[in-house]
1. Please tell me if F112 is of a type in the set (F, W, Y), over 22 Å from L31 (Cβ atoms) and out of contact with any helix residue (DSSP H, G or I) (no Cβ under 7 Å at 6 or more places or on another chain).
2. Within segment 168-197, how many residues turn out to be assigned to a helix (DSSP H, G or I), surrounded by 14 or more Cβ atoms within 10 Å (Cβ to Cβ) and free of Cβ contacts under 8 Å to residues at least 40 places away in the same chain?
3. Restricting attention to segment 28-35, does a residue exist that is in contact with a strand residue (DSSP E or B) (Cβ under 7 Å, 6 or more places away or on another chain) and in a helix (DSSP H, G or I)?
4. Quick one: which of K129, K165, K142, K200 is of a type in the set (K, R), at pLDDT 95 or above and either in contact with a strand residue (DSSP E or B) (Cβ under 8 Å, 6 or more places away or on another chain) or surrounded by 16 or more Cβ atoms within 10 Å (Cβ to Cβ) (or both)?
5. May I ask you to say which residue of I87, I80, I151 is touching a residue at least 12 places away in the same chain (Cβ under 8 Å), surrounded by 17 or more Cβ atoms within 10 Å (Cβ to Cβ) and within 17 Å of V13 (Cα to Cα)?
6. Which residue out of G110, G83, G104, G64 is of a type in the set (G, A, S) and touching an Asp or Glu at 6+ places or on another chain (Cβ under 6 Å)?
7. Determine whether M4 is modelled with pLDDT under 95 and either outside any loop (DSSP other than H, G, I, E, B) or surrounded by fewer than 17 Cβ atoms within 10 Å (Cβ to Cβ) (or both).
8. Find the residue count for segment 86-115, including only residues that are in a helix (DSSP H, G or I) and either within 19 Å of V175 (Cα to Cα) or in contact with a His (Cβ under 7 Å, 6 or more places away or on another chain) (or both).
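The values are calculated or read from the model by the stated rules, or taken from the named source; none is laboratory data. Source: prediction; values computed, not measured. No Cβ is skipped: glycine too gets one built from the backbone with ideal geometry, and neighbour counts run over all protein chains shown.
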Amino acid sequence: METMEFLLGPKVVAVIRKVDRDKVMSVIEALIEGGITGIEITLDSDDALGAIKEAKEKFAGRAGVGAGTVLSGEQAQAAIDAGADFIFAPTLSKETIEVTKRHGKIAIPGVFTPTEMQQAYEWGADMVKVFPASVVGPQFVKDVKGPLGHIPIVVTGGIGVDNFKDFLNAGAVAVGVGGSLLNKEFIANGQFGKLTELAKEYTGK
């Protein structure tokens with residue numbers, strides 16, 4: 001499968017941030033079992049590049065593995081060298097997009113206004129990430145899809161089981177989910193089956 005299918009098939013990207021390094025692979029396995037195949041490992045996590053490299057090798061053909069919280073072209077390069085299929089950024093950086101596209105990877109910068117969305121697209125972004133989405137709500141996505149229907153929108157920040165469908169129905173191509181999916185208690189207790197069940201709430205599996 002292509003990376004884009006891993007991201008947009010289930011319409012859910014799991015944001016793995018600061019999970020204990022020795023549990024990351026078990027967490028990813030549990031998420032894939034629940035149907036989530038877009039896996040973002042944030043660069044502010046412990047040994048993030050090592051985790052990306054290991055996950056890319058271990059889950060080849062089963063999931064798309066990318067980097068999140070990428071703040072510069074230099075960080076994008078390091079993540080891609082580690083094997084990242086896609087680059088999520090919380091902000092809009094031309095350099096980050098250019099480095100990502102030079103390697104034929106998927107660039108998803110963070111934006112918050114229609115102007116930033118169009119700018120990101122002109123710079124070569126494949127999709128844009130509206131963050132934090134909970135602040136503006138699904139109506140914002142629906143409204144900007146009018147004039148900017150050519151730009152695929154992913155939403156992250158404050159997304160949970162109770163509202164993710166609202167954003168998808170408003171026109172988002174995918175949602176990024178962190179804390180409400182990566183239950184800290186389940187992970188700490190090694191209850192990975194419960195993570196799989198949570199994942200299924202998003203994928204309908």
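1. yes
2. 2
3. Looking for residues that are in contact with a strand residue (DSSP E or B) (Cβ under 7 Å, 6 or more places away or on another chain) and in a helix (DSSP H, G or I), one finds at least one in segment 28-35, hence yes.
4. Details: K165 fails: either in contact with a strand residue (DSSP E or B) (Cβ under 8 Å, 6 or more places away or on another chain) or surrounded by 16 or more Cβ atoms within 10 Å (Cβ to Cβ) (or both); K142 fails: either in contact with a strand residue (DSSP E or B) (Cβ under 8 Å, 6 or more places away or on another chain) or surrounded by 16 or more Cβ atoms within 10 Å (Cβ to Cβ) (or both); K200 fails: either in contact with a strand residue (DSSP E or B) (Cβ under 8 Å, 6 or more places away or on another chain) or surrounded by 16 or more Cβ atoms within 10 Å (Cβ to Cβ) (or both).
The match here is K129.
5. Values: I80 fails: within 17 Å of V13 (Cα to Cα); I151 fails: within 17 Å of V13 (Cα to Cα).
Among I87, I80, I151, only I87 is touching a residue at least 12 places away in the same chain (Cβ under 8 Å), surrounded by 17 or more Cβ atoms within 10 Å (Cβ to Cβ) and within 17 Å of V13 (Cα to Cα).
6. Result: G64 is the single residue among G110, G83, G104, G64 that is of a type in the set (G, A, S) and touching an Asp or Glu at 6+ places or on another chain (Cβ under 6 Å).
7. When the stated conditions are applied, M4 passes them.
8. Adding up the residues that qualify gives 1.
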